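Student: Below are the structure tokens for one structure; questions will follow.
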Amino acid sequence: MLRRLLSTFFVLAGVAFATPAFSHATLISTEPATGAVLAEAPSVVTLTFNELVEPTAARLITADGETIQLPLPTAIGPDVTVLMPTDVGEGTHVLSWRVVSSDGHPIGGTVVLSVGTVTGTGEGVVTSDPAVRPAIWVARVLVYLGLFIGAGGTFFAAWISAPSPLPAQPKRIMRVLMVVGIVAIPVAFALQGVDLIGADLGDVFSGDALATAWSSTYTETLVVALIALVAGLVALARPAQGRLFSLVAILGIGLALSLSGHASRAPPEALSWLVVFIHATTVAFWAGALLPLRYHLGRNGKESAAVLGRFSAVIPHALLPLVVAGVLLILIQVDSPADIFATDYGRLLAIKLSLVTLLLALALVNRFRLTPLIRRQPAEAARLLRRTVGAELLLVVIVFGVVAGWRFTPPPRSLNAAGSVASSETPRVVPDAFALLRTGNFGASVTVSPGGTGAVAASAELLTADGAALEAREVRIALGYPAGGIEPVAVDAARQEDGTWRADGFYLPVAGDWTLTVIALISDFDRRTVTGPVTIADPASLAAIAAAGDGHDHDHTTGPGVDLTDPFQVIDLDPVTAPTMAMSVTEAAPGTFDLGFVFERFRFGTDADGYDHVPGIGHAHVYVNGIYETDLTANAHRLALDPDGHYEVYVGLNGLDHRAFVADGRLVEARVAFRASATAPLGNDTRVFDVPIATTGEPPTIRVRQGETIELRLTSLETQVVHLHGIDLEVAVAPQSPVTLLFNAEFPGRFVAEAHDAAESPVFFLEILP
Amino acid sequence: MKKALILATTAFACLTAAAQAHVGVTPSEVPGGQTTLIGFGIGHGCDAAATTAVRMQIPEGVISVQPVAKPGWEITITRGTYANPQMNGETQVTEGVTMIEWTGGQLPNEWYDQFWIRARVATSVEPHTMMWFPVVQECEGGGVNRWITVPAEGQPEPEEPTPGFMVTEPGEGGHAH
């Protein structure tokens, strides 16, 4: 308190010094994230804000609906740590928190956490007393009226009206307003406390509420306001010291308003503070003058004409700083004109501005038409002036009502600071994530749908070591994120008609490489487990790719999953100048696969090239079985894989802004699905066939000799999943994404390739002749 | 400090829970070629429900298996042909007991009991290999514990590890009978 007053003094003395930038606090993130489903109750929950905050309350509403008051959270910098009870049971719990930001305004929110299972949405659990806000608003308006009309009026009485004494009527009104204001101050104080801890109106005089209110910056405002009101009463009662006390009163008003509130905490703080001080002081002067002025005009005679003359001589010197300060405050608080109608704060501002415009118009009429008239037609002019000044007074009171409403709306400046967080919630279609998990005796092909953060389901197809379908008695699927400290959550899967096992009810709070585990009970004594990574995308970063280019290590939608019509995903290039690429796969040694590349009109970008699209420059990302392998930096890459397995290698070209290159309706990419076996290496003596895939018409037959390596280049006019039996290769093929199958013709026979459509249509036959 | 204490307590609770959660094997080392009494200890039921049945698979390489009579329990033996013939000294053994089932008893969650077999490790089994005995424990109310996940080296201990013993050189300790 003392320090703040001292700093006030330094600012007044014109000493410029650096102060930390304070603003209205906004929650940036929580750990664990809201909506998280956890295996065990967390011991702590951490809330991270955009600035320093002071926690005032935390409560836990358990799954049973019980409310537990938690110990006051601790704040270290912008991080607030809430210590959770040790006996939190299963189900969905709601952590309700409240903090006060440095501008004195409380903000609150909830974190929804589920332990084990989700038993509710957690929405609508926390309700605050609906009576608190209107009560705060009334108390504020009463304090404003006491300050501006009451105490502000004493300045007019002592400095403008004097030596003419004030008429009795306005004097009485001013005294009543100031006394009401003084009474309203402790009420406002207690209500502030109630609001800070989120209690009911009935708890208004509870120790917690008062103690919390005492620690908020609003307390300083109220103390100075009290001093201003008392000084105003003294000035009114003792006209001899009227000038001194009314000066204390009006400076007190300016100081009181600049000690708390959104505006005075906007960076640069020292300037904002000064601007608020000037604005409040000049408003007090003008608004305070209106009531006594109106009654002066009720009396005829030279005395009132002289008072009016003195007022009209002085008022421009007050109005100019008032308006300039007001405009500056708008510039500080509102980032763009669009915010005025998009936010509650802006709408209140618009109402205030309309009222103020009307006020200024009235003031101009008074000053330039009616005031000169008073010399010629005193009675008529006084009558008109009484009316206009009365109207001004009414408008001023309404403006105070509007301004008191700002207490409940954060300014666009703060909202925009949090905008990157809020706007990331934009709903977006996220492609599924795939993972092919394998161990020595067990495999699972798993689809996580959608493959982004939030609520997802996982479907697993169980496979034997050689890729055949595997039946199971029970299946559990678990997803965990060890990198983020998220324990695996296991869900029982249900067998679907098509033989896959589906587990619902996962909630993935963060993007990244999650650990996927499939546990299958094959028989009484045979349980098999396979674990591997699955990449979960952040829907917001997908959207941000085109806008910003956010670095090199995020994931791309590949092949058939790319939407060519989405400008966030692709860059459509001129086919003549577009880069091209070709990829070959050869098996140098069992399990060692060499990828060779030929690029045209393309070079690899470096950090020096920036993140904006430049034709012919970009990245090539290598994926194996849908999992990111590497960024390509040369025309070759070696893969070490199990020599016996199914693989799909995908390499796509992306621009510097990470959008995929597209030319002529096709992705500039290469996809090769290959079946490796330990018996013969791939890639020697390769025979190539072009195979258009169509589900209508006579399927073609491809005849090859046993022992050859076969390369089938599949193209399709529609998106299909094709399964080549015998070789047991399954690939998706799409118009924008042809795919190559590579395998050894090991065993003779006639094998069918089917499309996974409703009819399981054959699309081609492969005959391997001995 | 308070937090550290809570963490320490939790860690301790986890440790003790893990220690109780196993199906214990006595002895933990069995020499090849000797007839040995092997006990499997069950220290708890399934989520506090009493144990009513225990099924155990006999691994390949464990021959001449006989369950020890156990009052209060019915014992069922399943015989089968081995996938790979085993050697009992100079004799080739191609079939034997593959599963033993104890049913009809009632072992409260709070009690401990051992299920004994007499058996011999075939001489064809290399010393220093583990013999794993997958066990399925059934309880009142339909609860099941499956002690069938073989612990892998370098991996964290599975939730329900398979009990097993180490085969040692013939004549190297153990209890010969």
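Student: In the range B:135-150, which residue that is within 12 Å of chain A (Cβ to nearest Cβ) and open to solvent by 20 Å² or more (accessible area, probe 1.4 Å) is nearest to B:GLY104 (Cα to Cα)?
Tutor: Checked the range B:135-150; the qualifying residue nearest to B:GLY104 (Cα to Cα) is B:GLU138.
Student: Please verify whether the range A:289-311 includes one or more residues that are surrounded by 16 or more Cβ atoms within 10 Å (Cβ to Cβ), in contact with an Asp or Glu (Cβ under 7 Å, 6 or more places away or on another chain) and closer than 26 Å to A:TYR144 by Cα.
Tutor: Yes; the residues of the range A:289-311 include at least one that is surrounded by 16 or more Cβ atoms within 10 Å (Cβ to Cβ), in contact with an Asp or Glu (Cβ under 7 Å, 6 or more places away or on another chain) and closer than 26 Å to A:TYR144 by Cα.
Student: Restricting attention to the range B:114-132, does a residue exist that is exposed (fewer than 15 other Cβ atoms within 10 Å of the Cβ), aliphatic (A, V, I, L, M) and within 12 Å of chain A (Cβ to nearest Cβ)?
Tutor: Scanning the range B:114-132 turns up no residue that is exposed (fewer than 15 other Cβ atoms within 10 Å of the Cβ), aliphatic (A, V, I, L, M) and within 12 Å of chain A (Cβ to nearest Cβ).
Student: Kindly check whether there is at least one residue in the range A:503-511 that is under 14 Å from A:ALA435 (Cβ atoms) and at pLDDT below 80.
Tutor: Within the range A:503-511, one or more residues are under 14 Å from A:ALA435 (Cβ atoms) and at pLDDT below 80.
Student: Got at least one residue in the range A:741-749 being without any contact (Cβ under 8 Å) to a residue 60 or more places away in the chain, open to solvent by less than 10 Å² (accessible area, probe 1.4 Å) and out of contact with any Leu (no Cβ under 7 Å at 6 or more places or on another chain)?
Tutor: yes
Student: In the range A:71-89, what residues are in a loop (DSSP other than H, G, I, E, B) and within 14 Å of another protein chain (Cβ to nearest Cβ)?
Tutor: Those that are in a loop (DSSP other than H, G, I, E, B) and within 14 Å of another protein chain (Cβ to nearest Cβ): A:PRO71, A:PRO73, A:MET84, A:PRO85, A:THR86, A:ASP87, A:VAL88.
Student: Go through A:SER114, A:SER102 for me and flag whichever is of a type outside the set (Asp, Glu) and at pLDDT below 80.
Tutor: Only one candidate qualifies: A:SER102.
Student: For the range B:32-46, indicate whether the set of residues that are open to solvent by 40 Å² or more (accessible area, probe 1.4 Å) and on the phi > 0 side of the Ramachandran plot is non-empty.
Tutor: no
Student: Same structure again: Using the structure shown, decide if B:GLU101 is acidic (Asp, Glu) and exposed (fewer than 13 other Cβ atoms within 10 Å of the Cβ).
Tutor: Against the criterion (acidic (Asp, Glu) and exposed (fewer than 13 other Cβ atoms within 10 Å of the Cβ)), B:GLU101 does not qualify.
Student: When the range B:48-58 is examined, which residues are found to be open to solvent by 20 Å² or more (accessible area, probe 1.4 Å) and either within 14 Å of chain A (Cβ to nearest Cβ) or not in a loop (DSSP other than H, G, I, E, B) (or both)?
Tutor: Scanning the range B:48-58 gives B:ALA49, B:THR52, B:ARG55, B:GLN57.
Student: Suppose we filter the range A:750-770 for residues that are open to solvent by 10 Å² or more (accessible area, probe 1.4 Å) and not in a loop (DSSP other than H, G, I, E, B); how many remain?
Tutor: Total meeting the criteria: 8.
Student: Now, a different point. With (1) of a type in the set (Asp, Glu); (2) more than 14 Å from chain A (Cβ to nearest Cβ); (3) open to solvent by less than 70 Å² (accessible area, probe 1.4 Å) as the list, and B:GLU110 as the residue in question, which single condition is left unmet?
Tutor: B:GLU110 satisfies every listed condition except (3).
Student: Then there is this: Filter the range A:697-719 for residues that are open to solvent by 20 Å² or more (accessible area, probe 1.4 Å) and farther than 22 Å from A:PHE747 by Cβ and give the result.
Tutor: Those that are open to solvent by 20 Å² or more (accessible area, probe 1.4 Å) and farther than 22 Å from A:PHE747 by Cβ: A:GLY697, A:GLU698, A:ARG713, A:THR715, A:LEU717, A:GLU718, A:THR719.
Student: Looking only at the range B:156-177, decide whether some residue is in contact with a Gly (Cβ under 6 Å, 6 or more places away or on another chain), among the polar types (S, T, N, Q) and away from chain A (no Cβ under 14 Å).
Tutor: no
The values are calculated or read from the model by the stated rules, or taken from the named source; none is laboratory data. This structure is a prediction, so every number in the text was calculated from the model and none was measured. Please note: Cβ atoms are built from the backbone with ideal geometry, for glycine as well, and neighbour counts cover all protein chains shown. When the accessible area is computed, the model is the full protein with side chains, heavy atoms only, and any ligands, DNA or RNA have been set aside. Shrake-Rupley method; radii C 1.70, N 1.55, O 1.52, S 1.80 Å.
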